[in-house]
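See structure below.
The values are calculated or read from the model by the stated rules, or taken from the named source; none is laboratory data. No experiment lies behind these values; they were computed from the predicted model shown. In this analysis, Cβ positions are derived from the backbone assuming ideal geometry, glycine residues included, and neighbour counts consider all displayed protein chains.
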Amino acid sequence: MYSIIENALVSEFLGLIAFSLYRRKFYSERILEQLFVLAIGIAMFFLSMMLIGTLTISISMVISVAINIFTLNFLIFVLLLINIDRSRSTYVIAWIKFGWVKIVNEQFQYNKKILNIESNTAMLDQRILEHKSRKILRITHNEIELLFLGKTIYALANIMSKVFNLVNWKEKTNL
């Protein structure tokens, strides 16, 4: 017999592997729908574990845990994967890491590669100042550098983009 936590972890792990393999084989812009199906699938797998008798707890407890698993997965993946894949805020972190954003005469200067995909520099300036206030990066004199949190966000985003085939992130940060 396995505990409820063990079954939840197995369900989560198998779901992540399945989603990663699916995204590699069948890329689609509809990541939100895919995440929704993943969250339902993980919850259903967990419920099936209970129904075939590997769990000996009440049905209300299983349904409660399944709903929590679904909600947690949906929130995590919406907050993580979609934000990484579609957010200029995460792109800006990568661009700073690569040195594509400089400070010249106390103004931000962007590499031409960046300007080809984003012409609204005021919006990019705002993202940089937001990151500064959140301690993601530091601006000193004529330098801009990622702090530990910024480096961690970049590393996480890069790993997630490889594992889950986040094409927008790859296109916008590998110019």
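Quick look at the values:
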item: The stretch 119-146, residues that are free of Cβ contacts under 8 Å to residues at least 24 places away in the same chain and surrounded by 10 or more Cβ atoms within 10 Å (Cβ to Cβ); result: Ser119, Asn120, Thr121, Asp125, Gln126, Leu129, Lys132, Arg134, Lys135, Arg138
item: Pair list, Cβ < 8 Å and 6+ apart or interchain, from the stretch 71-82 residues that are of a type outside the set (Asp, Glu) to residues that are outside any helix (DSSP H, G or I) and at pLDDT 75 or above; result: Leu81/Phe164; Leu81/Leu166
item: Near pairs, Cβ below 7 angstrom, 6+ apart or cross-chain, from the stretch 152-164 (assigned to a loop (DSSP other than H, G, I, E, B)) to any residue that is of a type outside the set (Lys, Arg) and surrounded by fewer than 19 Cβ atoms within 10 Å (Cβ to Cβ); result: Phe164/Ser20
item: Verdict on Ser87 being surrounded by 13 or more Cβ atoms within 10 Å (Cβ to Cβ), free of Cβ contacts under 8 Å to residues at least 24 places away in the same chain and either of a type in the set (Gly, Ala, Ser) or touching an Asp or Glu at 6+ places or on another chain (Cβ under 9 Å) (or both); result: yes
item: Only one of Ile153, Ile136, Ile82, Ile96 that is under 19 Å from the mean Cα position of the chain (by Cα), closer than 22 Å to Arg23 by Cα and not assigned by TED's automatic domain parsing to the domain that holds Leu21; result: Ile153
item: Top-ranked residue of the stretch 96-117 - restricted to ones that are touching a strand residue (DSSP E or B) at 6+ places or on another chain (Cβ under 8 Å) and within 19 Å of Glu171 (Cα to Cα), ranked as surrounded by the most Cβ atoms within 10 Å (Cβ to Cβ); result: Ile96
item: Some residue of the stretch 160-169 being at pLDDT 95 or above, aliphatic (A, V, I, L, M) and surrounded by 18 or more Cβ atoms within 10 Å (Cβ to Cβ); result: no
item: Matching entry among Ile69, Ile93 (being surrounded by 14 or more Cβ atoms within 10 Å (Cβ to Cβ), part of a helix (DSSP H, G or I) and modelled with pLDDT of 90 or more); result: Ile93
item: Yes/no for Lys102 being assigned to a helix (DSSP H, G or I), of a type in the set (D, E, K, R) and not assigned by TED's automatic domain parsing to the domain that holds Gln34; result: no
item: Condition check for Ser60: loosely packed, with under 13 Cβ neighbours inside 10 Å and either assigned to a loop (DSSP other than H, G, I, E, B) or at pLDDT 75 or above (or both); result: no
